[in-house]
1. Which Cα, out of Leu14, Tyr46, Tyr114, lies furthest along the positive dipole direction of the chain (beta carbon charges, K/R +1, D/E -1)?
2. Using 0.36 nm per residue, how much length does the chain from Arg51 to Ile11 gain when fully extended, once their Cα-Cα distance is taken away?
3. Tell me the mean residue ellipticity at 222 nm calculated for the chain from its helices only (DSSP H runs of n ≥ 4, each -39500 (n - 2.57), averaged over every residue, nearest 500).
4. What percentage of the solvent-accessible surface of the chain, computed with a 1.4 Å probe over protein heavy atoms, is contributed by carbon and sulfur atoms?
5. Kindly flag which residue pairs out of Lys31/Lys209; Lys72/Lys186; Lys54/Lys203 have an alpha-carbon separation exceeding 32 Å in this structure.
6. Label points 7 Å out from Cα along the Cβ direction at Leu89 and Asp117: separation in nm?
7. Pop out the ³J(HN,Hα) list for region 26-35 in order, Karplus 6.51 cos²θ - 1.76 cosθ + 1.60 with θ = phi - 60°, rounded to Hz; leave Gly and Pro as x.
8. Let's test the formula: R0 of 25 Å, r as the Cβ-Cβ distance of Asp36 and Val148. What FRET efficiency results, to the nearest 0.05?
Amino acid sequence: MENKISDYRTIDFLCFYLLGVTQADIDGSDKMPDHDLLFKCANRAYLDLNRTLKFQKVPEEDKGELQKQKSKFREEISEIIVDRITNLLNEKPQDYEAWHKETCNKVIKKAQEYEQDNWLQKNGNEGKGFYYGQAQKWVNMTIKYMWVTERWKDKLDKLMNVLHVPVDSYIIEGVWNRDGWEDVLKGILVNGKEKSGRFSSDKVVPWSKWDETQYKDFQVALRTKLKKEQTPFEWEEETWIEIAKLRANE
């Protein structure tokens with residue numbers, strides 16, 4: 001008889017690979033508390049942006065302290081996101097756009113403390129070490145991992161029409177490759193140039209350095225392009241895989 005891995009075990013593997021939890025942790029009789037699972041989602045989301053961060057270079061004798069500061073940075077901001085999402089899910093219906101903006105700004109404010117203490121390195125020309133683009137990635141990917149667990153399925157289903165697309169280079173390329181979507185790219189083209197030729201990362205402002213206006217304009221313009229029967233969150237999932245396959249074959 002042909003052996004077949006059960007759907008349950010497959011999902012178990014994926015959840016443990018992504019978040020370090022099993023299905024029993026998520027929905028078993030002795031399941032993990034909401035806060036703890038949320039924290040794992042936020043902690044994992046950090047890995048989707050940490051390569052865009054630059055921490056200060058320190059002498060060998062200070063590397064232990066630097067590592068402590070990096071861990072503290074990750075944990076403190078993850079806790080902020082957990083607290084904000086808990087509020088979103090448990091309070092009366094909120095204006096999601098206002099909630100998202102306030103959440104990103106709280107993340108940025110905490111990150112600025114690490115800039116001021118010289119742990120997080122600032123960009124020489126702009127004097128920033130942490131951008132709105134990085135904050136959105138952390139917040140949006142936390143929600144994406146929450147969705148993967150299905151712990152909050154009913155509550156997230158109700159928010160599906162307003163959830164934002166987690167923006168990265170895959171999503172920008174996905175927009176670039178669609179004819180007639182040039183207006184979505186407006187504001188992120190380098191030096192205000194028009195879209196031309198194949199996508200290249202040097203033709204657009206990196207998502208990790210976007211400001212609030214660039215992010216908001218991108219999300220609004222993208223939403224207007226999508227079919228009414230498809231939410232931005234659903235479109236992102238399809239598009240990310242589409243570009244991942246395209247890049248794998250290049």
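The values are calculated or read from the model by the stated rules, or taken from the named source; none is laboratory data. Everything quoted here is computed from the prediction, not taken from an experiment. Glycine gets a Cβ as well: all are built from the backbone with ideal geometry, and neighbour counts include every protein chain shown. Accessible surface areas use protein heavy atoms only, side chains included; no ligands, DNA or RNA. Shrake-Rupley method; radii C 1.70, N 1.55, O 1.52, S 1.80 Å.
1. Positive-most Cα among the choices belongs to Tyr114.
2. 11.7 nm
3. Values: 11 runs with 148 residues, N = 250.
Result for the chain: -19000 deg cm²/dmol, rounded to the nearest 500.
4. That fraction is 47 percent.
5. Details: Lys31/Lys209 38 Å; Lys72/Lys186 37 Å; Lys54/Lys203 22 Å.
The answer is Lys31/Lys209; Lys72/Lys186.
6. 2.9 nm
7. Using θ = phi - 60°, the values come out as 7, 9, x, 5, 10, 5, 5, x, 3, 4 Hz.
8. Plugging the Cβ-Cβ distance into 1/(1 + (r/R0)^6) gives 0.95.
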